[in-house]
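The values are calculated or read from the model by the stated rules, or taken from the named source; none is laboratory data. Computed from a predicted model, the values in this text were never measured in an experiment. Methodologically, a virtual Cβ is constructed for each residue, glycine included, from the backbone with ideal geometry; neighbour enumeration extends over all protein chains shown. Surface areas here come from the heavy atoms of the whole protein model, side chains and all, with no ligands, DNA or RNA. Shrake-Rupley method; radii C 1.70, N 1.55, O 1.52, S 1.80 Å.
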Amino acid sequence: MWQRIQTLYMVLALVALGIALGFTSRLPFIILLSVCALCNLLPVFTFRHRMLQMRLLLFAAVALLGLQAWMAYDYFTADVQDKFNCSMVVPVIAAILDFLAVRGIVSDELLVRSAGRLRASKRKK
């Protein structure tokens, strides 16, 4: 579980989301960040179910990009100029880490499938 690089990406994304939760004060952003954090926490412990991991991480990445767009829209259309804080860029970093984790999971899945073909060809002989 911890020897795979995608687990490291998932944990780093989870840490980034925790940092963003610490700096965010709006309730809809907190709820969406919490859902994305849960979608990053579950795949760490479901390492035997690679398809579930990929789906959860892709959902989290798309939701984080949507959250980033929503934050940018609120920042640029606000009447009062808000202060720029680190919670405004963390969703993009977490989404990039999620996409990197998905790439690692896909490579593991391809490796397992190729090894399965080799085992199947040995059994037939």
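Key figures for this structure:
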{"read-out": "Mean Cβ neighbour count within 10 Å, used as a protection proxy, ranking 22-35, 40-53, 60-73 highest first", "value": "60-73, 40-53, 22-35"}
{"read-out": "Net lengthening on full extension, residue 31/residue 48 (0.36 nm per residue, minus Cα-Cα)", "value": "3.3 nm"}
{"read-out": "Value of relative contact order over segment 19-84, rounded to a whole percent, pairs C-alpha under 8 Å and six or more apart", "value": "26"}
{"read-out": "Solvent-accessible ranking of 84, 76, largest area first, probe 1.4 Å", "value": "76, 84"}
{"read-out": "The chain, relative contact order [Cα under 8 Å, separation at least 6], %", "value": "36"}
{"read-out": "Per residue value of the accessible surface for the chain (all protein chains in place, 1.4 Å probe), Å²", "value": "64"}
{"read-out": "Selected from 113, 55, 103 as most flexible by GNM, with the chain as the system and alpha-carbon contacts under 10 Å", "value": "113"}
{"read-out": "Area of residue 108 that stays accessible when all protein chains are in place (1.4 Å probe, Å², to 10)", "value": "30"}
{"read-out": "Gyration tensor verdict on segment 3-100 (Cα atoms; rounded if a/c is under 1.5, prolate if a/b is larger than b/c, oblate otherwise)", "value": "prolate"}
{"read-out": "Additional length obtainable on full extension of the chain from residue 4 to residue 58, 0.36 nm per residue less Cα span", "value": "17.6 nm"}
